[in-house]
Amino acid sequence: MLPLGIIARTQEYFGGIPVAAEITHHQIIVATALATDATLFYAGLLHDILKPALNFEKTPKGWRWKHLYDVKVNGKKVSVKDILRGVSFPYSLNVDMDELIDLVISHHDRGADEVNPISYVESRRKLGLPLIEATLLPSKDFNKIGLHVCLEAVGLNHPYHYFVLTLIYYGLKHYLNKLYGEIFRSLGLQRLVVDYHFGDADIPRIDYKDGVLSISYFVSSNEFRGLHIRHEYSDDIEFNIIKTNSGAALSFGWSDVLVYMVPYTGSSEVSYRIACVIPGLVKYKNEKVEEDVRVKEEFEAKVSEVLVEVINDLESNIDLKENYRQLIIDYLRGNEKGDYSCLFCGKKTDRKVKLSRSGLLSEKFTDYHRIRGSAEGLEASICPLCHVGFVLEEKFRRQGPSFTIPLAGEPIDVNVSKDFVESFMSSYGQLPINIEEGVILSVLGHSTLQLASNAWYISLLKEIESRPISLPWIKAYVVRAQRDINDLYFRFFISREVLLYPLLVKIRPRAIISSYGGRNKKFVLNTDLLEGHLLWKGEEHDLTEEQLDALRPILREIDKSNIGELRKLYSRVVGLYGLR
């Protein structure tokens, strides 16, 4: 099991179905839209600090998730106002605590979206940014809810297209992480540290010191008593999971929460959108809330520059003589031109390129199903997307060992924590959470599932420093050695379960895998989108989720403290399937 955090919301319009979104991520998103001054920014980061108490109350109108006042903690009623009164920010930040508290405690008042910036950001009648937590297809366009669409890709019909798009997405995340970090640092936040302690309920504790905002939540749970989950967010770290003595520490870049790549159906064909939250979009002055058009335009211009930089980085690292640049963006957007037909995807193109005898002309080439046309002599017509994708993959394949680009995992089973079920069934005879339909997929949920999928591959793979591409967002891996395995990694590797309390969500990890494939698999075009039941390609056998499920009974018999037995079992799996 991977301990990830606490759920952010349920979807009341669909009978209380939970959303695969985490509460701290929700607060970061709202705070980012309010990153115009320190008071608004920290109000956004703290506006739902009592939600992790999971204080659901049954009323004649349905379930209410109380989190502002009259919240029961250890049998006593507490108010968010009382908690925030104890927070102290340095004078230099110019945080108006009276205003911050007033904005937080009133953000659900009737009519608050007219005068309260938190409410304005959250209200469907106004900005409605949290719509990205509730659905993949918001009722309003992305550009109307506080997101900037960095790139919309349409007409993708070949694995290379999706390969290139995904690499661009990860490149945008890398650069935008630094951009968000600069903005947050200007507001006094260098790092956000969030601790979830499971066991006895208690009042959240908040502290600010030397640029670090620390928040400790105390979650009532006997089932997970003693579990400690730590989140750390900054612009100088990236997503990772580390085992601790009492649980797990997860690190996030800001862009892990604020930049998304999601499928989108806006017409007759499916497209993909890379979008990000616009920082400082909502401003508040003299009790007036409005959107800052100038800030929006300046941010969008910076993102356009970053997009060009990412593509330049990709091309410069593969030494292409052709200078595609804008053509890459044009083809991703569905604009194609030329009198030739691309050898791989069939798109129009106006140029031919030379082929390598070690590539398409190699005797080892077997993947003819990827080719639509035919190569004549040493030349072939190839569109910019397939050309860049082919050369990138060829470089990966030659120098190995394995390059993994995690995609959003698929939720295949959802359960509710036993103690949560017992508590509400004994008090109300029903649950405030309805899991009959699983979890609602949403923009933020899609991002959460991508992080969960990433975590699964981290549990299996170890990053190595040697790599053919000198770009920080393209990583090379090897399967972990036996000594690098711990019980957190191995148990999550087998179970694929994520704790988003009170939910336990079992996922099907997905990724784009590019590697040399081993002695017995003579692939040249070896960039594959792993989907269905296939989780990893082995030299002897491919690893499926059914095979991992078969190991769960054995895993239950091994005591958590017996790391030696776990490592032996792991070694057998690696050897049996020829994982590498």
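The values are calculated or read from the model by the stated rules, or taken from the named source; none is laboratory data. Source: prediction; values computed, not measured. Methodologically, a virtual Cβ is constructed for each residue, glycine included, from the backbone with ideal geometry; neighbour enumeration extends over all protein chains shown.
Miscellaneous remarks
Residues checked against (1) of a type in the set (F, W, Y); (2) within 17 Å of D256 (Cα to Cα); (3) buried (at least 18 other Cβ atoms within 10 Å of the Cβ):
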site	(1), (2), (3)
P406	no, yes, yes
N415	no, no, no
K418	no, no, no
I440	no, no, yes
A452	no, yes, yes
W473	yes, yes, yes
R483	no, no, no
N486	no, no, no
Y489	yes, no, yes
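- Annotation: of all residues in the stretch 194-209 being in contact (Cβ under 8 Å) with a residue 40 or more places away in the chain and under 27 Å from the mean Cα position of the chain (by Cα), the one that is nearest to G5 (Cα to Cα) is Y196.
- With respect to the stated conditions, V293 fails to be over 26 Å from L471 (Cα atoms), modelled with pLDDT of 95 or more and touching a Ser or Thr at 6+ places or on another chain (Cβ under 9 Å).
Quick grid of which residues meet (1) more than 27 Å from K537 (Cα to Cα); (2) touching a residue at least 60 places away in the same chain (Cβ under 8 Å); (3) in contact with a Gly (Cβ under 9 Å, 6 or more places away or on another chain); (4) not assigned by the TED database to the domain that holds R491:
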{"residue": "H387", "(1), (2), (3), (4)": "no, yes, no, yes"}
{"residue": "F403", "(1), (2), (3), (4)": "no, yes, no, no"}
{"residue": "P406", "(1), (2), (3), (4)": "no, yes, no, no"}
{"residue": "P411", "(1), (2), (3), (4)": "no, yes, yes, no"}
{"residue": "F420", "(1), (2), (3), (4)": "yes, yes, no, no"}
{"residue": "G429", "(1), (2), (3), (4)": "yes, no, no, no"}
{"residue": "I458", "(1), (2), (3), (4)": "no, yes, no, no"}
{"residue": "E465", "(1), (2), (3), (4)": "no, no, no, no"}
{"residue": "I474", "(1), (2), (3), (4)": "no, yes, yes, no"}
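- Residue within the stretch 276-287 that is under 14 Å from Y169 (Cβ atoms), crowded, with 18+ Cβ neighbours inside 10 Å and assigned by the TED database to the domain that holds K144 present: yes
- Residues (crowded, with 19+ Cβ neighbours inside 10 Å and of a type in the set (V, I, T)) located in the stretch 88-116: V95, I101, V104
- First in the stretch 166-188 and at pLDDT below 95, second anywhere and of a type in the set (D, E, K, R), Cβ under 8 Å, 6 or more apart: none
- Residue match in the stretch 58-74 (condition: in contact with a His (Cβ under 8 Å, 6 or more places away or on another chain), assigned to a loop (DSSP other than H, G, I, E, B) and surrounded by 17 or more Cβ atoms within 10 Å (Cβ to Cβ)): yes
- The residues listed here are F56, F41, F14; of these, the one that is at pLDDT 95 or above and of a type in the set (F, W, Y) is F41.
- Against the conditions (1) exposed (fewer than 14 other Cβ atoms within 10 Å of the Cβ); (2) at pLDDT 95 or above; (3) over 30 Å from D37 (Cβ atoms), V310 satisfies every one except (1).
- Restricting the stretch 421-438 to residues that are part of a helix (DSSP H, G or I) and hydrophobic (A, V, I, L, M, F, W, C), the residue that is nearest to M261 (Cα to Cα): V421
- Residues in the stretch 324-357 that are on the phi > 0 side of the Ramachandran plot and touching a Lys or Arg at 6+ places or on another chain (Cβ under 8 Å): 2 in all.
- Any chance S402 is among the small types (G, A, S) and either surrounded by fewer than 17 Cβ atoms within 10 Å (Cβ to Cβ) or out of contact with any helix residue (DSSP H, G or I) (no Cβ under 9 Å at 6 or more places or on another chain) (or both): no
- Among the residues making up the stretch 538-580, those that are charged (D, E, K, R), at pLDDT below 80 and touching a Phe, Trp or Tyr at 6+ places or on another chain (Cβ under 9 Å) are E539, E540, D542.
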